[in-house]
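Taking it in order: structure first as C-alpha cells, then the write-up.
The values are calculated or read from the model by the stated rules, or taken from the named source; none is laboratory data. None of the values given here were measured: they were computed from a predicted structure. Every residue, glycine as well, gets a Cβ built from its backbone with ideal geometry; the counts of neighbours run over all protein chains shown. Each accessible area value is taken on the protein alone, full model and side chains, heavy atoms only, with ligands, DNA and RNA left out. Shrake-Rupley method; radii C 1.70, N 1.55, O 1.52, S 1.80 Å.
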Amino acid sequence: MGGIKLRDEFIKLGQALKAAGLVESGAEAKEVIVDGLVQVNGETEIRRGRKLYAGDIITFDGEEVKIED
C-alpha cells in the first residue's frame, strides 16, 4: 500500500489519483471515477471532487493508497 502526504487539510480524489501515479491526467482520473472504478474506504465513489482526509484509503486497479498526515 502506497501513501500520499497531505499538504493541506484535504486533497480531492482526482488530484490524489494523479499524485499517487495511478492515472496520468485529470481527464483520465475523471473517466475512471465516473465509470465507478474507484473506491474510497471500501465504497465506490463517483465524485471527482470528493475531499479525502488523513486515514482515507483509495482503491483503484488493484492498488491501495492511504492518505497520510
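Structure notes:
- Proximal charge balance of LEU37 [Cβ under 9 Å; K/R count +1, D/E count -1]: -3
- Computed on protein heavy atoms with a 1.4 Å probe, the accessible areas place LEU6, LEU52 in the order LEU6, LEU52, largest first.
- Each Lys and Arg contributes +1 and each Asp and Glu -1, all at the Cβ; summed about the Cα centre of the chain, the dipole is approximately 280 debye.
- The relative contact order of the chain comes to 40 percent, based on Cα pairs under 8 Å that sit 6 or more residues apart.
- Backbone phi angles across the range 11-19, fed through the Karplus curve with coefficients 6.51, -1.76 and 1.60 (θ = phi - 60°), yield HN-Hα couplings of 9, 7, 4, x, 5, 5, 4, 5, 4 Hz in residue order; Gly and Pro are listed as x.
- Neighbourhood net charge (14 Å Cβ-Cβ; Lys/Arg +1, Asp/Glu -1) for GLU68: -2
- Over the chain: helical MRE at 222 nm, DSSP H runs n ≥ 4 each giving -39500 (n - 2.57), nearest 500: -6000 deg cm²/dmol
- Computed from backbone phi, the HN-Hα couplings of the range 52-66 come to 10, 10, 3, x, 5, 10, 9, 10, 8, 6, x, 9, 10, 10, 9 Hz, rounded to whole numbers (Karplus: 6.51 cos²θ - 1.76 cosθ + 1.60, θ = phi - 60°; Gly and Pro given as x).
- Solvent-accessible area of GLU31 with every protein chain in place, 1.4 Å probe, in Å² to the nearest 10: 120
- For the chain: accessible area per residue (Å², 1.4 Å): 64
- With every protein chain in place and a 1.4 angstrom probe, the accessible-area ranking of ARG50, ARG7, largest first, reads ARG7, ARG50.
- Projecting the Cα atoms of VAL38, PHE60, ALA19 onto the charge dipole of the range 12-66 (Cβ charges, centred on the Cα centre) puts ALA19 farthest toward the positive pole.
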